[in-house]
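Novice: The structure is given below, and queries will be raised subsequently.
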There are 2 protein chains.
Amino acid sequence: MNNIPAISNEEFRQRVEKTALLMAEEKLDLLLAFSTESEPANVRYYSDYWPSFETAAVLIAPGKNPALLIGPESLTYASGRSKIERIIRLMDFRESSQPNYPDSKLPSWRDIFAEFPARRIGIAGWHMFPQAIYANLVEAAPGAEIVNADAVVRQLMIRKSPAELDCLRAAAKISEQGLRAILSEIKPGLTEVEVAAIGTNAMLRGGAEATGYPVWCCSGSNSNQAISRPTHRKIGTGEIVHVSIGAKVSGYSASIGRPIILGHCPADLQDFIETGCAAENLTISLMLSGAKAADVTRQVHGFIRSRGFGDAILYGPAHGCGQMECEYPFVEANTPLVFEKDMTFMVDIFLAQNSRGFRFEDGVIVGDDVAEELSGYRREFIVID
Amino acid sequence: MNNIPAISNEEFRQRVEKTALLMAEEKLDLLLAFSTESEPANVRYYSDYWPSFETAAVLIAPGKNPALLIGPESLTYASGRSKIERIIRLMDFRESSQPNYPDSKLPSWRDIFAEFPARRIGIAGWHMFPQAIYANLVEAAPGAEIVNADAVVRQLMIRKSPAELDCLRAAAKISEQGLRAILSEIKPGLTEVEVAAIGTNAMLRGGAEATGYPVWCCSGSNSNQAISRPTHRKIGTGEIVHVSIGAKVSGYSASIGRPIILGHCPADLQDFIETGCAAENLTISLMLSGAKAADVTRQVHGFIRSRGFGDAILYGPAHGCGQMECEYPFVEANTPLVFEKDMTFMVDIFLAQNSRGFRFEDGVIVGDDVAEELSGYRREFIVID
């Protein structure tokens, strides 16, 4: 890929500004948007920085310049990436091996609160914010109220900008390249890890900065795994092999899921897998502005039940996508969301019965009349003789 | 690799048993060993399960069978991997997109504590244990004391068993294969990500289950990054390109770091990089039973200072390795540790001055007379014409 799309410095600046306005409505003096290596979305959304080994947070205080809070070892890495100029190193964001860095003199949370006084502190990434850091906040800002501020950040993240959509489109195109490489090289006797290697290599060579998640290849008795990792199991003929593969481009992650059968397809699988493919197409056709997430779920799950595979359903037919391949919100039977244009979702039909399962997955951009499909290559029951 | 070493079911069972004995000394009724996708060590140590998207914990209560606590979507994945038979799904370990799974009826922490009553609860993974889950524990087990139990788990993890050493040896051998592939294909004009792809692909095709961390390639102005990720920057001649590359085998992660220069080497880099290589060799020679970590640090850092590069030091000359490429303890000037046979470390010399830096890294097993080097391939200043 020659022209890799990215988010402009101006858009990063606007994200901080918009957040400061929303914080005023919530009477928040301070926001800490927290991230880890495997959950980078909050920090990367504001700063483009993606922590590795260490953790990080972005500090936003209305009327003041924001700061990126990182661990002791990442200063040059963060300086090379961060769209937020001010970078502060804190021991609380060090890596899990917990080095002491005996010669370094880093500021404390008290120093932070001296500069950014706060009576009401919001935390984004609430469900993963460490208790150990939380306790340090409580001690350094006695009497301050600390609240879950995920909703503040989510209302910005949920609708994508033109640049974000371009990143997702590019990520999906590169994911298709990965799928093509797998389909051209897959054969009985390769291990699941080797299949994952083919796709990973093709995406990294094709312009991805990373994979959105480790590529999965689930074969035979592993095919009923909705979440997985590839193993050294050798793939065989006449069994389901499903791959979930996704590239990350400038922080945005796509995903494609396809079931594949090598050799002859057992007759009893045909109807099962075709039902999944039809459910995927049905869901995509329903991802329109004004549609209710709960209605879409009922319609898709109703269709799957009508085909006799109701017990094979594990979760709702779609979930948000953006920086994380799977981000808030999930589309489920009790989701209050009404779809709006430029929201983005992974339509994700995973079905498993007994020891056999598979996933069809493709990204969509919600549209007024028709959803834009981010990927569609070989959205079918793929049998390779 | 034909015979991939692994940890036996019996060894997993013994780890739980030994932990239960240590818990009695600490008067712990219950241990929760917590993990995330990017920090899998605690959970994998006891169960071989590696969470993905979701988080997880292993519950150990002396006199009772242990349980693996997972999120709602991972049951088939966990069942296929876990060495702990009992698996319990809890909403608190769901993924960050926070689906509701409206049809599922999962137990609560009150149900857990009804079966495993506890007055004193230890948490391993203390620094990353989420405040949100912690608050739920406090509510479900009122009056119980909750304490940091990292030290309990670490005293088991720090000395490696023969099987663990074999996993690390295999991981290092496969990491060397990755380095060989990079050295045979690297050329000016490749991007850092493309160099990382070469190494990643070679390791996954060579028997790794995954990389131990995303392969780094830091070139030119990025070379001063101790922690990093590869970018789309094209590597050039006459600049430092350093790679950090490591395979994961059956949960155990190795790492190799090497600086490479394409074309002619600028004269002023020769002494800088050779000092790093000499510091790496010096450290390895000192990793002997009975040696004090603080003394080793002083000796190695003293050597680097004596060569005029004291200001290029960022951290201590080594850190623990095992499941995490970087695990407790760090070897620093104030580390109280005395080395013992079969402890394992990554000797990790990272030096950066101004905009230029590099890393030499190799794993070692502490020995009585000589440390066993896990890797050594091209531990030199590599210039490729």
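The values are calculated or read from the model by the stated rules, or taken from the named source; none is laboratory data. Bear in mind that the values here come from a model prediction, so they are computed numbers and not experimental data. All Cβ positions, glycine included, derive from the backbone under ideal geometry; neighbour counts span all protein chains shown. We work out accessible area using only protein heavy atoms, side chains counted, and drop any ligands, DNA or RNA first. Shrake-Rupley method; radii C 1.70, N 1.55, O 1.52, S 1.80 Å.
Novice: Rounded to the nearest 0.05, what FRET efficiency do B:V147 and A:D311 give with R0 = 45 Å and r taken as the Cβ-Cβ distance? Could you check?
Specialist: With R0 = 45 Å, the Cβ-Cβ based efficiency is 0.55.
Novice: So, one more: Could you compute the FRET efficiency for B:K105 and B:T237, with r as their C-beta to C-beta distance and R0 at 60 Å, rounded to 0.05?
Specialist: According to the calculation, E is roughly 0.40.
Novice: Packing-wise, with mean Cβ within 10 Å as the measure, how do A:349-358, B:313-322, A:4-13 rank, highest first?
Specialist: Ranked from most to least packed, the peptides come out as B:313-322, A:349-358, A:4-13.
Novice: Over 39 Å apart: what share of the alpha carbon pairs of the protein assembly as shown falls there, rounded to a whole percent?
Specialist: The share of Cα pairs beyond 39 Å in the protein assembly as shown comes to 34 percent.
Novice: Expressed as a whole number of Å, what is the distance separating the alpha-carbon centroids of segment A:265-287 and segment A:208-242?
Specialist: Using only Cα atoms to place each centre, the spacing works out to 19 Å.
Novice: Tell me, what is the per residue accessible area of segment B:9-157 in Å², probe radius 1.4 Å?
Specialist: Computed with neighbouring chains in place, this is 39 Å² per residue.
Novice: Which value at 222 nm does the protein assembly as shown reach when only helices count, each DSSP H run of 4 or more adding -39,500 (n - 2.57), with the total divided by all residues and rounded to the nearest 500 deg cm²/dmol?
Specialist: -10500 deg cm²/dmol
Novice: Using the 2.2 N^0.38 Å rule of thumb for compact globular proteins, work out how chain A stacks up: its C-alpha Rg over that value, please.
Specialist: 1.05
Novice: Here is a follow-up. Using the 7 Å Cα-to-Cβ label point, sort the distances from B:R180 to its equivalents in the other copies shortest first and give them in nm to one decimal.
Specialist: Here the equivalent label points are 3.2 nm apart from this one.
Novice: Let me ask something else about it. Mind listing which trypsin sites (Lys or Arg not before Pro) in segment A:48-125 are in a DSSP loop and have 10 or fewer other Cβ atoms within 10 Å?
Specialist: Of the trypsin sites (Lys or Arg not before Pro), the ones in loops of segment A:48-125 whose Cβ has at most 10 other Cβ atoms within 10 Å are A:K105.
Novice: So how much accessible surface do B and A hide from each other in total, probe 1.4 Å, in square angstrom to the nearest 100?
Specialist: 6200 Å²
Novice: While we're on this one: What's the carbon and sulfur percent of the protein assembly as shown's accessible surface, probe 1.4 angstrom, rounded to a whole number?
Specialist: 48 percent
Novice: Another question about this same structure. What is the angle, in °, between the Cα long axis of helix B:267-286 and the longest principal axis of the Cα atoms in chain B? Nearest 10 is fine, range 0 to 90.
Specialist: The two axes meet at around 50 degrees.
Novice: Follow-up question, since we're still on this one. Using the alpha-carbon atoms, what tilt in degrees (0 to 90, nearest 10) does helix B:162-185 show relative to the longest principal axis of chain B?
Specialist: Once rounded, one gets 40 degrees.
Novice: Find every distance from the label point of B:D368 to the corresponding label point in the other copies (7 Å from Cα along Cα→Cβ) and write them in nm, one decimal, shortest first.
Specialist: Distances between equivalent label points, in nm: 8.1.
Novice: Measure out, as a whole number of angstrom, how far apart the alpha-carbon centroids of segment B:28-77 and segment B:121-197 sit.
Specialist: Cα centroid to Cα centroid, the span is 14 Å.
Novice: Hey, another quick one. For the full complex of protein chains and a 1.4 angstrom probe, list B:T344, A:T36, B:T76 by accessible area with the highest value first.
Specialist: Ranked list, largest accessible area first: B:T76, A:T36, B:T344.
Novice: Can I ask one more? Averaged over its residues, how many other protein chain Cβ atoms are within 10 Å of peptide B:302-315's Cβ atoms?
Specialist: Rounded to a whole number, the mean comes out at 1.
Novice: Compute the acute angle (0 to 90°) between the alpha-carbon long axis of helix A:9-25 and the principal axis of greatest extent of the alpha-carbon atoms of chain A; round to the nearest 10°.
Specialist: The helix A:9-25 is inclined about 70 degrees to chain A.
Novice: Hey, another quick one. So with the 1.4 Å probe, I'd like the accessible area per residue for segment B:162-384, rounded to whole Å².
Specialist: Dividing the accessible area of segment B:162-384 by its residue count gives 30 Å².
Novice: If you don't mind, there's one more thing I want to ask. Taking R0 as 30 Å, what FRET efficiency do you get between A:K341 and A:R180 from their Cβ-Cβ distance, rounded to the nearest 0.05?
Specialist: 0.50
Novice: Moving to a separate point now. 7 Å from Cα along Cα→Cβ at both A:L156 and A:F303: what's the point-to-point distance in nm?
Specialist: For the pair A:L156/A:F303, the computed spacing is 3.6 nm.
Novice: State, to one decimal in nm, how far the label point of B:D268 lies from the label point of B:E26, with both points 7 Å from Cα in the Cβ direction.
Specialist: The modelled label-to-label distance comes out at 5.1 nm.
Novice: State, to one decimal in nm and shortest first, how far the label point of B:R159 sits from each corresponding label point in the other identical copies (label point: 7 angstrom along Cα-to-Cβ).
Specialist: With the label placed 7 Å along Cα→Cβ, B:R159 yields 6.2 nm.
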